[in-house]
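The values are calculated or read from the model by the stated rules, or taken from the named source; none is laboratory data. Treat the numbers as computed from the prediction; the structure is a model and nothing was measured. Counting neighbours? That spans all protein chains shown, and the Cβs are built from the backbone with ideal geometry, glycine included.
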Amino acid sequence: MSKNLRINNKQFVDETRKLSFVFNGKKLYGYKGDTLASALLSNDIHLVGRSFKYHRPRGIMTSGSEEPNAILQIGNDDALTEPNVRATEIELYDGLICNSQNCWPSVKFDIGGINNFLSPLLPAGFYYKTFMWPASFWGKYEYFIRKSAGLGKSPTKQDPDMYDHRYMHCDILIVGGGVSGLIAAKIASDDNKKVLLLEDKELLGGSLIYDDNDISKIDDQKSSEWLKKLIDNIKNDKNIIIKTRTSLAAYHNYNFLLARQNLTDHLSVNDRNNKIRQRLYKIRAKKVIISTGAIERPQVFHNNDRPGIMLASAVKKYIDYYGVRCGLENVIFTNNDSAYETALSLHKSGTKLNAIVDIRDNSSSEIVNQVKGLGIQIYWNHSVVDTKGYKRINKVTIMKLNDKGNDVIGKKIELNCDCLSVSGGWTPMVHLFTQSGGKLKFDNKDNIFVPDKTNLNQLSIGSAKGDFELDDVLKNSIKDTKKFLNIENSNFDKIDVKCSKEKDKKNIWLLPSDKPLSKTKPFLDYQNDSTAKDIKLALREGFKSIEHVKRYTTTGMGTDQGKLANMHALGIVADTTNTNMGDLGTTTFRPPYTPLTFGTIVGRNVGQFFDIFRKTPMHDWHVDNNAKFENVGQWKRAWYYPKDGETMYDAVQRESKAARESSGILDASTLGKIDIQGTDANEFLNRVYTNAWSKLQIGKCRYGLMLNEDGMVYDDGVTTKLGENHYLMTTTTGGAANVMSKLEDYLQTEWPELDVFLTSVTDHYATASVCGPNAKKIINKIFKNLDLSDESFPHMSFKEVKLGNISCRIMRISFTGELSYEINVEASYGKYIWEKCIEAGKEFNITPYGTETMHLLRAEKGFIIVGQDTDGTMTPVDLQMDWIISKKKYDFIGKRSLYRSDTIREDRKQLVGLLTDDPNEILEEGAQLIKDGNKNPVDMLGHVTSSYFSPTLKKSIALAILKEGKKLKGQKLLVPMIDKTIKVTVSDTIFLDKENERING
Amino acid sequence: MFLINCPYCGERDQSEFVSGGEAHIARPKQPTELNDDQWAEYLFMRKNIKGIQFERWNHAHGCRKWFNVARDTSNDKIEKIYKMGEQPPKL
Amino acid sequence: MKNKYSIFSLIKNAFSNHENWQRAWRDPEPKKEYDAVIVGGGGHGLATAYYLAKKHNLRNIAVVEKGWIGGGNTGRNTTIIRSNYLWDASAGLYDHALKIWEGLSQELNYNVMFSQRGVMNLAHNLQDVRDLKRRTHANRLNGIDAVWLETDEVKKFCPIINTSQDIRYPVLGGTLQKRAGTARHDAVAWGYARGADEMGVDIIQNCEVKGIKRSGDTVEGLETTKGFIKTKKIGVVAAGHSSVIANMAGLKLPLESKPLQALVSEPVKPIIDTVVMSNAVHAYVSQSDKGELVIGAGTDSYVSYTQKGSFNIVEETLKAILELYPIFSRMKMLRQWGGIVDICPDASPIISKTSIKGLYFNCGWGTGGFKATPGSGDLFAHTIANDEPHKLNASFNINRFVSGDLVDEHGAAAVAH
């Protein structure tokens, strides 16, 4: 602060709270209330970064979210660092550490600066024209291109911070807490509407709150004083919820909006502990009022990008709000009256203003007259043609414009300057309006796009709709808000506003220079280094559409999304092609308005909350007994239970053997269960399954196969007839939700005449499946009075019995081929019944087994698993399950598709068994089958779907799908692996107990 | 994210619903009488209209009821919501 | 080539201040009649015109585009290029394209920045593992480079992936195709346009098709916003709008047009040097040469031509990204946008004749069309020129929906599109 850049006694910056921060390794100071940008400027630092392509020195240019240059790496912690943060937006906090990006070794001496001298070789799109030779070298070129591109650095450790979401509903959402938004909020609240008011800065009031001229008056008060009273009033208004530090990110269809609130980024790191960093508001608003204001445009001239060249409105804000002078030798360059406010602020703060350069012939407004009266030199009808100073501007060269404004004439005048304030007029912030699908129209008077048509219930007011003068802003905001809300009268109706009125307007998109355009660097997009020359080159090369120009030159594709660049790009295209800007249209403004942190978008749904865990009632038992788990859909299923350091293979061999030789127990609770009731329940089953259900008796179970309407196998499971009009359907674990949806769909939309009710009861029941030769003995121990004889309780039947007060549904069904009982109880008794089985089975070495053993056991029996042995392209015929297709039924889902010309082909892929010539060789699931290894390209005939080593058969077995498999039984085939070829023989799909004897124990 | 006025629950966020595609494609009563072309027409061919399309929606994360929606697919504006079995409105 | 691009031409033009570059393509008014007209000036349409002119010597042809070339899905996709498809038909099609990609910059004399940084597909459950291994075996036997990686090899190839086995859906392995990668999407459209224009193809922008004129079952021409254009062959490559054009000809297609969204982060220095796709948790990410993380989101369930999807899809996508890459939590989304993708029931495209003579459709690419651009153009050109398909696109006919001979890529394996 050596240069006396601070101006004292400012109301927005607390000079009693000195904060230290580190910029590029140097410790500096600022005050509470500063942004990082204002603090840097108060330390006489303009040069903060290097540009993307030419690595030109760049300084702070703005005071807001449109900043293209001052983007810094914040923090130096691997987990907490954040790239590309705008210094103009981040509030200064004690201990802030920041560094310049995209420069090496330092921002002051950057090797990449050599690109500036190579710039003649680097016009727009140069990379499309080169790096093609030699062809194999692109990867090497690209390595260097990638290294030099990018801006900041990504964190490399996990983010410890917490993010949050909240839904908000309101009658009126007001985006932007400047004067027009505040007035609208008050009018709406007075009409008893629930208002949500968002402001991206820490304080309400927009730019009027620090307005310090004595021309603008509202109701005979200084405008900023009047506004402060309004703000006090609004803060106490119960109808208005105010969210500051909250910026609107996206405006979607149906008035759905997203806003991000910063909760801790302004606090010193130590004060952030356990606080939520950012919150995303998901807002549904009945009506939306956009009062986001306007941003100032720069002007386009040679070397308009040097550090020290800033927007005039930013220079004014740094003085009037932050109390910081951006330079001690000021020059202003403008095409409109608003920069004269900057002149007055400079003057008032006692800061030296050397001259004002104005491209207009004259201006006779009140504010300009006041400046004229101060004796400040004004160069009318002059333009800046060059600037000097590599790392900080030190001179500007100006020349007179000719009558047409397309050339400069006369002598060059050089002016000393360490800060050049530039104003090229104002651009309404119509981004949100266009995001919402609104259409713009072009206003020739102010050369701006303003909101026109919209399908949504929304209104733009203030400078966001193109009103720039205080009386227009206030009066139109009041009038339009009243109309929008259908209000007759408001408390603002008699408002009296005085302000300076601009009479003279002039705009030149690309200012003329004494040099040919090709020798100049008039920048449009400061971050991406695109110049007016690039735009013209693109047009010459035939890139006519504005989107082509944007993409070819990368104009507007930086992190500022071209907030400063787009209008000039359009203007230059329009001028060059003799098109009306209104006919040209704009490029699309894509959400978000300002970059939105991934963490904020995701909120709490990270880590353990990424997706729900579905656990069976016996889950804890499995955990206690050392189970490994498999994810099946959202379920955690016990996969295998390793003992004493067993591998999965060992555990599965042991579990399988136990199940076959004595007894095993499986937690089958995850299978989908659908309770089906109604007088047409039987007919319904007939329509959804391929087989016939009419003759199923109460108390009996039947296996069913379900197809898609295109004839392919979709799901399978056992359905039990519990009562006359009552069935319990089971589905696969992964398919449960889809089956339920599909059945509901058919019932509600195709067959509403059926009297059927479906209830998903998957979570209501727990299922313990006890199998093996000793299963009957175990069940008998638990259910002592139950007659388990084959006559009374045969295979594929069901009994409901009580165990104390617990109702148990026992199905004698088997997926392993062993005698087995599935006990279904209410979920809360699941663990109890499981432990009961374990206890009863102890003497029979009852062995818990997981999904892997289940897969092995069923494969020995040739039972399919839908999704493993099928892939959405298999019909029941392909699975050699012709027996399950009822010939008698007129129709069922998918039936017609089974008779299409391709589906009836005999040479389709079919399910077969495989035996390896070497019984110890286990095939890899997914391995392909071929006949002739010498053919190239080789014909793939099918693939292995399931493969295991059977401990009972003491050999490797596999299921596969194979082209013309039915015919190939007994034939030799090859399974080609990377390192070897395995010989196999096609077999039957049933490997064990073809006679089904084990099912009876 | 549009809002859908479920005829059974009222207005809800679109994310609670699942689209079932084009409406009023009734499943043929006698599929076996159709030739392959006619069956393919039912199974796969869709108008896929740009403009007002009649379609089926399901309140999957709500009442799980299916109903019909007339929606302009060029701007996602919902013109009309009507129950299953009702005739499409004239728009 | 009239205006050959190279480092030497750049230097030469630098001396004349880049004032003498010629137009990359002309801006002609449509002629009264063409031998063939391609509807749709995206990558596929422009490539079709290019190969019609180059390989089939049809020079009196035009591409009509309702907006600006490359403005549809070509300029909106996440540019993933790979050929590791399961079925022989798909593998043949996509690897044909990949082989053209490998020499495309030189062929077009336009740097399309085809970058073979590899594409990795992750497995998150046991069925994923089976499916991906199946695909890897099939790829290998089809002559497509693809290898299975165990979890530690996945981590080695892309260290920033969270391969902890304690996460909700841990990485159980993955496949890698090293020849796969990304390209610069705009450059593909522009390069083909420039090449086609050079051979005399008229590229007519801002020309919307309003009707297809037929005489009986034969096409006669197109009604457009720039007047009637007479032609005997019409190749429609209109992506999301294919059904709209089909309806003009009285045809129905097995398509639904749905929103597909994508997003990019702010640019950062290189942090991920490959493309990683994860189907089970729906996370697809790569990093552009500019430094942006390029992230593909999923499709919505409903038909829409708005080029806007619903926000919850983006939320779900980033949720998955942070699950696999927790270090990206502080990265910021810079832009988010949507496109309209036309999806076939079997997730495979249609490159086919139709029941109307002279009317051809190339559509149904769903979410994965960009990678096929050169191959699709080449095969569609062959189909139009010869009025019959090339053997590589014979399986992708419209009739498969009648016969049932689908090329079911989504049912078959955990293949992301």
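Observations, loosely collected:
Yes/no per residue for (1) modelled with pLDDT under 95; (2) within 14 Å of chain A (Cβ to nearest Cβ); (3) in contact with a helix residue (DSSP H, G or I) (Cβ under 6 Å, 6 or more places away or on another chain); (4) farther than 30 Å from residue C:107 by Cα:
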position: C:339; (1), (2), (3), (4): no, yes, yes, no
position: C:343; (1), (2), (3), (4): no, no, no, yes
position: C:351; (1), (2), (3), (4): no, no, yes, no
position: C:354; (1), (2), (3), (4): no, no, no, yes
position: C:358; (1), (2), (3), (4): no, no, no, no
position: C:365; (1), (2), (3), (4): no, no, no, no
position: C:372; (1), (2), (3), (4): no, no, yes, no
position: C:375; (1), (2), (3), (4): no, no, yes, no
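- Within segment C:303-315, residues that are closer than 15 Å to residue C:257 by Cβ reach partners that are at pLDDT below 95 and among the β-branched types (Val, Ile, Thr) with beta carbons closer than 8 Å, at six or more positions or on different chains, in the pairs C:309/C:299.
- Residue count, segment B:78-91 (criterion: at the interface with chain A (Cβ under 10 Å from one of its Cβ atoms), under 28 Å from residue C:307 (Cβ atoms) and without any contact (Cβ under 8 Å) to a residue 24 or more places away in the chain): 0
- Within the option set A:279, A:325, being surrounded by fewer than 21 Cβ atoms within 10 Å (Cβ to Cβ), touching a residue at least 40 places away in the same chain (Cβ under 8 Å) and more than 14 Å from chain B (Cβ to nearest Cβ) holds for one residue only, A:279.
- Tally, over segment A:766-785, of residues that are touching a strand residue (DSSP E or B) at 6+ places or on another chain (Cβ under 6 Å) and either under 20 Å from residue A:725 (Cα atoms) or not in a strand (DSSP E or B) (or both): 5
- Subset of segment A:885-899 (residues that are at the interface with another protein chain (Cβ under 10 Å from one of its Cβ atoms) and surrounded by fewer than 16 Cβ atoms within 10 Å (Cβ to Cβ)): A:890, A:891, A:899
- Identity of the residue in segment C:289-336, more than 21 Å from residue A:165 (Cβ to Cβ) and acidic (Asp, Glu), that ends up nearest to the other protein chains (Cβ to nearest Cβ): C:289
- Within segment C:44-73, residues that are on the phi > 0 side of the Ramachandran plot reach partners that are in a helix (DSSP H, G or I) and acidic (Asp, Glu) with beta carbons closer than 9 Å, at six or more positions or on different chains, in the pairs C:70/A:547; C:70/C:186.
- Only one of A:459, A:415, A:440 that is touching a Phe, Trp or Tyr at 6+ places or on another chain (Cβ under 9 Å) and in the same structural domain as residue A:346 (by TED's automatic domain parsing): A:415
- Screening A:233, A:213, A:192 for residues that are among the polar types (S, T, N, Q), crowded, with 17+ Cβ neighbours inside 10 Å and more than 14 Å from chain C (Cβ to nearest Cβ) leaves exactly one candidate, A:213.
- For segment A:126-183, the candidate set comprises residues that are at the interface with another protein chain (Cβ under 7 Å from one of its Cβ atoms), outside any helix (DSSP H, G or I) and among the β-branched types (Val, Ile, Thr); within that set, the residue that is nearest to residue A:81 (Cα to Cα) is A:156.
- Answer residue from segment C:261-281, given it is more than 11 Å from chain A (Cβ to nearest Cβ) and touching a helix residue (DSSP H, G or I) at 6+ places or on another chain (Cβ under 8 Å) and is farthest from residue C:337 (Cα to Cα) among those: C:274
- For residue B:42: the one exception among (1) more than 21 Å from residue C:309 (Cα to Cα); (2) modelled with pLDDT under 95; (3) surrounded by 15 or more Cβ atoms within 10 Å (Cβ to Cβ): (2)
- Filtering segment C:13-41 to residues that are over 30 Å from residue C:225 (Cα atoms) and acidic (Asp, Glu) leaves only C:19.
- Only strands (runs of 3 or more DSSP E) whose full extent lies in segment C:98-195 are considered here, and the ones with at least 1 residues that are among the β-branched types (Val, Ile, Thr) and over 18 Å from the mean Cα position of the chain (by Cα) are C:147-149, C:173-177.
Conditions (1) of a type in the set (Lys, Arg); (2) surrounded by fewer than 23 Cβ atoms within 10 Å (Cβ to Cβ); (3) part of a loop (DSSP other than H, G, I, E, B), marked per residue:
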residue: A:654; (1), (2), (3): yes, yes, no
residue: A:657; (1), (2), (3): yes, yes, no
residue: A:669; (1), (2), (3): no, no, yes
residue: A:674; (1), (2), (3): no, yes, no
residue: A:683; (1), (2), (3): no, yes, no
residue: A:695; (1), (2), (3): yes, yes, yes
residue: A:711; (1), (2), (3): no, no, yes
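- Residue match in segment C:127-138 (condition: more than 10 Å from chain A (Cβ to nearest Cβ) and surrounded by fewer than 21 Cβ atoms within 10 Å (Cβ to Cβ)): no
- Strands (runs of 3 or more DSSP E) wholly inside segment A:260-341 containing at least 1 residues that are touching a His at 6+ places or on another chain (Cβ under 7 Å): A:276-290
- Single match in A:916, A:981, A:989 (criterion: polar (S, T, N, Q) and in contact with a Ser or Thr (Cβ under 8 Å, 6 or more places away or on another chain)): A:916
- For segment A:930-1001, the strands (runs of 3 or more DSSP E) that sit wholly inside it and include 3 or more residues that are of a type in the set (Gly, Ala, Ser) and buried (at least 19 other Cβ atoms within 10 Å of the Cβ) are A:942-950, A:955-963.
- Among (1) closer than 18 Å to residue C:383 by Cα; (2) in a loop (DSSP other than H, G, I, E, B); (3) within 11 Å of another protein chain (Cβ to nearest Cβ), the one test that residue C:57 misses: (3)
- Note on segment A:236-262: residues that are free of Cβ contacts under 8 Å to residues at least 40 places away in the same chain and buried (at least 19 other Cβ atoms within 10 Å of the Cβ) total 3.
- Screening residue B:74 with (1) within 9 Å of chain C (Cβ to nearest Cβ); (2) among the hydroxyl-bearing types (Ser, Thr, Tyr); (3) in a strand (DSSP E or B) gives one miss only, at (3).
- Highlighted here are the helices (runs of 4 or more DSSP H) found entirely within segment C:339-417 that include at least 1 residues which are on the phi < 0 side of the Ramachandran plot and of a type in the set (Ser, Thr, Tyr): C:373-386, C:400-403.
- Checklist (1) at pLDDT 95 or above; (2) at the interface with another protein chain (Cβ under 7 Å from one of its Cβ atoms) applied to residue B:32, failing item: (1)
- The set of residues in segment A:451-471 being surrounded by fewer than 23 Cβ atoms within 10 Å (Cβ to Cβ), aliphatic (A, V, I, L, M) and either within 14 Å of another protein chain (Cβ to nearest Cβ) or closer than 17 Å to residue A:173 by Cα (or both) consists of A:456 alone.
- Just so you know, in segment B:35-71 the residues that are within 10 Å of chain C (Cβ to nearest Cβ) and of a type in the set (Phe, Trp, Tyr) include one that is nearest to residue C:254 (Cα to Cα), and it is B:44.
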